[in-house]
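Read-outs throughout are calculated quantities, based only on the coordinates presented, and are distinct from any laboratory measurement. If you're wondering where the values come from, they're calculated on a predicted model, not measured in any experiment. Because the Cβ atoms are built from the backbone with ideal geometry, glycine has one as well, and the counts that use them run over all protein chains shown.
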Amino acid sequence: MALKALLLLSLLVISAGLALAKQDPELHQCKHQCKHQRQFDEQQKEECERSCEEYIREKKERERGQHERRRGEGNSREEEEEETQREENPYVFEDKHFEDRVRTEEGRVQVLEKFTKRSKLLRGIENYRVAILEANPHTFIAPAHFDAELVLFVAMGRATITMVREEKRESFNVEHGDIVRVPAGTPVYMINRDENEKLCIVKILQPVSVPGHFEAFHGAGGEDPESFYRAFSWEVLEAALKVRRDQLEKIFGEQRKGSIVKASRQQIRAMSQHEEGPPRIWPFGGESSGGPVNLFHKHPSQSNQFGRLYEAHPDDHKQLQDLDLMVSFANITKGAMSGPYYNSRATKICVVIEGEGFFEMACPHLSSSGSYQKVSGRLRRGVVFVAPAGHPVAVIASQNNNLQVLCFEVNAHGNFRFPLAGKGNIVNEFEREAKELAFNLPSREVERIFKNQEQEFFLPGPTKQQEERGRAFE
Ligand SMILES: [Cu+2]
């Protein structure tokens, strides 16, 4: 009897232990951080842990609510099927797919989830991550290095970016359209030097340590951003920096404002004027030394009344060469579209910078019936979409606003764009017999469609867009 009771008791203990171990990893992490806030007393730590629990509970409730709403929506079988297809569309990312890495009163850094989180179809670009930094006017973004190769695009505002390269410091004043390469591990910091305008920087990162994951390492900091110096024992730090512990505690204990903070006008002026390194020479200042390239100072590679395309190719820019990355920017006139076309080798990762519209893409992977699935998505500021190599795609601007899209194209070397409409479309290149045989129609009829094309790449968009969009999305 006693033995049985003992057994029961130990079982209870074990299952309680299991329940604890199964704690939500995010909750665990949150509580862990509470425990390690050195400035908190015991009561504050408890409060902090309680707010963690509350946060997770609310989050779970929100998620449950969303799930139920979704389930409640579709009535007919068909609608339900469409719903699953939309959920399985792994090529479009919206607000909810971003996570705040940094959030202070003066700005934030949002990181997009791993491309493979929803579907393995994007494993070809698994080792790329997208992040967006936003900072208020006259702010300082704390020094850090990353275990990732980094390419920045200034989407809005004016910044000064400073990098430390082997004992020398280089600063660049950058503005809308500038592309900056930050090699992995390079200490980098920046300011928003504009007094009124927000700074918005879109980043693509290629992790070099843990595939698909990157971290920021802050040395100069305190509690927030937490300095990595603090991870060392006092003994080691005292020896390394040759100062006493109380001085160390002071220097690594003051900063609590986070990694984006307000700067004074004087500080901004001083930091944006002390530009070291080679001066900027038109069109791309300091480019040979790895400085910025401005996309908009280049000639557009495509330009007509329906849109403009700017491209920075790795063959032309050393900064992008080893990453095999092309950066492009399309400004599609309202009511017009780009494509349809496909990339021969490159996979496009696109971020909508301004405007609205939608895209359509043919994907054989998502279809169960052996044909092509039409993948589509509504586009507006901040939406990210991916067009893999070989996939025919068209991007359409709304009737009301131009659509501005920034794209990072991975595997750019040797890539060709094959137009599927417009002048120079692939069918036009076929000889007569091939047209006849492929379409099973007289070549005249095929040519009437594919030869009757005036524009290239940017084309007039559908006139019945409203209807089209209605069909594509809801
Ligand atoms: Cu596909």
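Overview of results
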{"read-out": "Length-normalised contact order for region 372-468 - Cα pairs under 8 Å, 6+ apart - percent", "value": "24"}
{"read-out": "Sparse-neighbour loop sites [trypsin sites (Lys or Arg not before Pro); region 208-244; at most 12 other C-beta within 10 Å; DSSP]", "value": "Lys242, Arg244"}
{"read-out": "Added length on full extension, which subtracts the Cα-Cα distance from 0.36 nm per residue, Arg381 to Ile449", "value": "21.0 nm"}
{"read-out": "Two-site label geometry, Arg101 and Lys198: point separation in nm, points 7 Å out along Cα→Cβ", "value": "1.9"}
{"read-out": "Cβ-derived FRET efficiency at R0 60 Å, Ile426 paired with Arg50, nearest 0.05", "value": "0.45"}
{"read-out": "Label point distance in nm, Asp322-Val210, each placed 7 Å from Cα along Cα→Cβ", "value": "2.4"}
{"read-out": "Residue exposure sequence - Thr162, Thr463 - by fewest surrounding Cβ within 10 Å", "value": "Thr463, Thr162"}
{"read-out": "Too-long pairs where the Cα-Cα distance tops 28 Å, listed order kept, from Lys120/Lys334; Lys35/Lys203; Lys35/Lys198; Lys168/Lys348; Lys168/Lys203; Lys203/Lys257", "value": "Lys120/Lys334; Lys35/Lys203; Lys35/Lys198; Lys168/Lys348"}
{"read-out": "Residue exposure sequence - Asp178, Asp147 - by fewest surrounding Cβ within 10 Å", "value": "Asp147, Asp178"}
{"read-out": "Those GluC sites (Glu not before Pro) in region 304-369 that DSSP places in a loop and that have at most 13 other beta carbons within 10 Å", "value": "none"}
{"read-out": "Where labels lie 7 Å past Cα in the beta-carbon direction, separation of Glu436 and Ser264 in nm", "value": "8.4"}
{"read-out": "Mean Cα-pair separation over length for region 292-396, i.e. relative contact order, pairs under 8 Å, 6 or more apart, %", "value": "26"}
{"read-out": "Straight-distance crosslink candidates among lysines, where the alpha carbon sits under 16 Å from Lys117 and sequence neighbours closer than 8 are dropped", "value": "Lys96"}
{"read-out": "R0 of 25 Å, Cβ-Cβ distance Ser301-Lys117: FRET efficiency to nearest 0.05", "value": "0.15"}
